[in-house]
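Single-structure report; data block below.
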């Protein structure tokens, strides 16, 4: 009888452990759900202050871009999306977007009043004091490594034009990019940045200002539509 009693006791112990594990998992799921709900609310408020609309999911949002962190993933849906034209813009009113690329990254984008003929990407391939993101070690399809400046690699589909744009102003700009930003890039009539999920209000403000500065600086890139000058 002792072996049977021992087996029954062990079964009870394992059952209780299973119940405790399930209860713990449910508690963690509830905590995680509340945390995600709070993050959505914070982003919604951040956008509302600018006159932007919040949408929990926008299918295929990321397919309009091809480079940067987006080009290194097959993910396409935008989560926790804030977008629209800000009530108070530093330049002519253009669309602003911030969204999560699932758990891979948060993307912020600002539409430009001009369009670049080339892609120009700054990728932090050798960050100081932390492990580099392995995805950034390879170029996106259609681009190549044009130059390396400190922690950063410049990728572009036009290496010669990209190198001409890598002047002292750009070097100084690299020094002010927050250490949590992984990539900053120009694509068509957009400037974009990517950074890990979990950033908050202050970080979004900083990236917003950074993208505006970057967009102004990148006017040196070849324009997509050259202006024809006719003589009388």
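The values are calculated or read from the model by the stated rules, or taken from the named source; none is laboratory data. Remember, predicted model here, so these are calculated numbers, not experimental data. Reconstructed Cβ throughout: ideal geometry from the backbone, glycine too, with neighbour counts over all protein chains shown.
Listing for the model above:
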{"read-out": "Count - residues of segment 195-218 that are more than 13 Å from residue 110 (Cβ to Cβ), in contact with a strand residue (DSSP E or B) (Cβ under 9 Å, 6 or more places away or on another chain) and not in a strand (DSSP E or B)", "value": "5"}
{"read-out": "Any chance residue 192 is more than 18 Å from residue 62 (Cβ to Cβ), at pLDDT 95 or above and touching a strand residue (DSSP E or B) at 6+ places or on another chain (Cβ under 6 Å)", "value": "no"}
{"read-out": "Verdict on residue 134 being loosely packed, with under 14 Cβ neighbours inside 10 Å, within 15 Å of the chain's Cα centre (by Cα) and free of Cβ contacts under 8 Å to residues at least 40 places away in the same chain", "value": "no"}
{"read-out": "Index of the failed condition, residue 130 passing every other in (1) over 17 Å from residue 214 (Cβ atoms); (2) in contact with a helix residue (DSSP H, G or I) (Cβ under 7 Å, 6 or more places away or on another chain)", "value": "(2)"}
{"read-out": "The one condition in (1) surrounded by 13 or more Cβ atoms within 10 Å (Cβ to Cβ); (2) within 30 Å of residue 46 (Cα to Cα); (3) in contact with a helix residue (DSSP H, G or I) (Cβ under 9 Å, 6 or more places away or on another chain) that residue 201 fails to fulfil", "value": "(1)"}
{"read-out": "Filter result for the condition that a residue is under 15 Å from residue 194 (Cα atoms), assigned to a helix (DSSP H, G or I) and touching a strand residue (DSSP E or B) at 6+ places or on another chain (Cβ under 6 Å), over 136, 122", "value": "136"}
{"read-out": "Count of segment 59-85 residues which are at positive phi and in contact with a strand residue (DSSP E or B) (Cβ under 8 Å, 6 or more places away or on another chain)", "value": "3"}
{"read-out": "Options 172, 161: the member that is surrounded by 14 or more Cβ atoms within 10 Å (Cβ to Cβ) and more than 21 Å from the chain's Cα centre (by Cα)", "value": "161"}
{"read-out": "Failed condition for residue 225, given (1) assigned to a loop (DSSP other than H, G, I, E, B); (2) closer than 19 Å to residue 68 by Cα; (3) over 15 Å from the mean Cα position of the chain (by Cα)", "value": "(2)"}
{"read-out": "Segment 102-124: number of residues that are crowded, with 21+ Cβ neighbours inside 10 Å and under 16 Å from the mean Cα position of the chain (by Cα)", "value": "11"}
